[in-house]
Amino acid sequence: VHITQGDYDGKAVIISWVTPDEPGSSKVQYGTLKGKYEFTAEGKMTNYTFYKYNSGYIHHVLVDGLEYDTKFYYKIGTGDSAREFWFQTPPKIGPDVPYKFGIIGDLGQTYNSLSTLEHYMQSGAQTVLFVGDLSYADRYQYNDVGIRWDSWGRFVEKSTAYHPWIWSAGNHEIEYMPYMDEVVPFKSYLQRYPTPHLSCKSSSPMWYAIRRASAHIIVLSSYSPFVKYTPQYEWLSEELKKVDREKTPWLIVLMHMPIYNSNEAHFMEGESMRAVFEEWFVHHKVDIIFAGHVHAYERSYRISNIRYNVSSGERYPVPDKSAPVYITVGDGGNQEGLAGRFLDPQPQYSAFREASYGHSTLEIQNRTHAFYHWNRNDDGKRVATDSFVLHNQYW
């Protein structure tokens with residue numbers, strides 16, 4: 001069972017679950033009192049095949065028209081198989097609304113993943129911003145791909161059924177496997193993890209935006225076309241114009257592939273997206289950009305390389321007060337291991353870097369300040385290994 005935001009402004013959730021044996025009903029009963037469900041919502045059911053794996057029956061239900069800042073209890077299934085959960089809607093959108101986000105990337109399903117999940121659940125954060133690479137099911141072959149999606153769904157349920165996770169797709173979601181006759185990219189991911197893309201006029205669930213409390217969050221797809229005239233490019237151009245920093249002062253961007261990275265792993269892979277979008281990020285004063293992909297932690301200073309073009313000769317990033325802070329949190333716990341080899345010497349744009357498993361939290365206080373923490377799992381308890389006060393770019 002997992003939930004995500006279901007509309008642009010946080011008054012809806014999409015509730016998803018899988019029934020393995022028979023379709024059952026795609027109904028959610030919900031209400032503000034435990035065990036008393038005055039409302040029902042009906043959704044749709046889908047299933048898919050991947051090689052010879054047949055998925056269970058996947059249900060997606062949009063529950064909308066909710067009150068802000070309210071705890072809702074919900075029930076799915078009937079009789080002996082009924083299960084009950086709860087979620088809390090965000091406060092009404094406003095410039096000084098405090099809110100705490102967790103940031104997780106490249107999670108997988110190992111004991112390190114479990115440690116990250118447990119630490120996040122103790123953090124007091126209310127919503128996860130997930131920067132791609134969910135189950136790592138594509139590291140298996142044939143029928144096991146689907147089975148690993150199922151096992152990951154069960155593994156994260158103790159958080160995802162109660163807290164909305166804001167999804168973005170990574171390279172491990174592509175699952176392009178021609179030797180198994182599977183050539184439709186993102187097939188499993190798109191069947192299982194819906195996003196509210198239609199409410200922000202996006203043509204694809206892979207990129208979209210939401211507003212939550214005092215934050216405007218833009219999710220980009222590193223593995224969908226993004227150059228000039230592509231749908232993602234056109235959409236982002238329009239979405240950035242819609243951002244109202246008087247209402248949502250915090251502008252946060254999620255993507256899988258980092259634009260600035262000083263690790264030997266995946267070095268320069270984000271360069272193509274940087275060349276297309278960095279100027280927009282600086283112009284619109286994005287506060288912070290979260291990425292995953294590199295299995296290590298890294299934070300940048302505020303820098304930009306927008307003066308570089310093929311002929312300018314200015315090829316080094318320079319300090320830039322209008323630029324976002326870039327943070328890589330691809331350290332959730334996947335079984336590929338940590339990316340331990342950083343470029344030496346540490347580039348001037350890199351403020352802090354370490355190859356350890358962990359997660360981050362961003363605690364927005366008001367329109368001007370937020371507290372950021374990176375917590376590494378090794379410390380056993382939630383210790384902030386890297387932390388700073390983030391000053392809002394607009395205010």
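The values are calculated or read from the model by the stated rules, or taken from the named source; none is laboratory data. In this text the structure is predicted, and so the values were computed from the model without any measurement. Ideal geometry is used to build each Cβ from the backbone, glycine not excepted, and the neighbour counts take in all protein chains shown. Accessible surface areas use protein heavy atoms only, side chains included; no ligands, DNA or RNA. Shrake-Rupley method; radii C 1.70, N 1.55, O 1.52, S 1.80 Å.
Taking the square roots of five times each eigenvalue of the Cα gyration tensor of the chain, the equivalent ellipsoid has semi-axes of 33, 24, 20 Å, listed largest first. Close amide H contacts of His216 (hydrogens built in the peptide plane, cut-off under 5 Å, sequence separation of 5 or more or a different chain): Trp250, Leu251, Ile252.
Database remark: amide H of Tyr297 closer than 5 angstrom to the amide H of Glu354, Ala355, Ser356 (H placed geometrically; neighbours at sequence offset of 5 or more, or on other chains; Pro and chain starts carry no H). Express the carbon and sulfur contribution to the solvent-accessible surface of segment 1-72 as a percent, rounded to the nearest whole number, probe 1.4 angstrom. Percent of accessible area from carbon and sulfur atoms in segment 1-72: 46. Computed from Cα atoms, the angle from the helix 144-160 axis to the main principal axis of the chain rounds to 90 degrees.
The relative contact order of the chain, computed from alpha carbon pairs under 8 Å that lie at least 6 residues apart in sequence, is 17 percent. Per residue, segment 93-391 exposes 38 Å² of solvent-accessible protein surface, assessed with a 1.4 angstrom probe and all protein chains in place. The fraction of accessible area contributed by carbon and sulfur in segment 93-391 is 52 percent, rounded to a whole number (1.4 Å probe; ligands and nucleic acids excluded). Karplus-derived 3J(HN,Hα) values for segment 2-10, using 6.51 cos²θ - 1.76 cosθ + 1.60 with θ = phi - 60°, are 8, 10, 9, 5, x, 8, 6, 10, x Hz; glycine and proline are entered as x. Among Asp9, Asp344, the sequence by solvent-accessible area, most first, with a 1.4 Å probe is Asp344, Asp9.
Of the trypsin sites (Lys or Arg not before Pro) in segment 1-106, the ones in a loop by DSSP (not H, G, I, E or B) with at most 14 other beta carbons within 10 Å are Lys34, Lys52, Lys92.
Scalar couplings 3J(HN,Hα) for segment 194-200, obtained by applying the Karplus form with A = 6.51, B = -1.76, C = 1.60 to θ = phi - 60°, are x, 9, x, 5, 5, 6, 10 Hz; x denotes Gly and Pro. Between Asp244 and Lys71, the distance separating the two model label sites (each 7 Å from Cα on the Cα→Cβ line) works out to 3.1 nm. Extension gain, Asn54-Thr368: 0.36 nm per intervening residue step, less the Cα-Cα distance, totals 108.1 nm. Just to confirm the filter: which trypsin sites (Lys or Arg not before Pro) across segment 169-253 are DSSP coil and have at most 15 other Cβ within 10 angstrom of their Cβ? Hits after loop and neighbour filter: Lys201, Lys228, Lys247.
Amide H contacts of Tyr57: Thr19, each under 5 Å away and 5 or more positions distant or on a separate chain (H built 1.01 Å from N in the peptide plane; Pro and chain starts excluded).
The 3J(HN,Hα) values that the Karplus relation (6.51, -1.76, 1.60; θ = phi - 60°) gives for segment 370-379 are, in residue order, 9, 9, 10, 9, 10, 10, 9, 5, 4, 6 Hz. Gly and Pro appear as x.
Seen against the Cα atoms of the chain and their longest principal axis, helix 231-242 is set at about 80 degrees.
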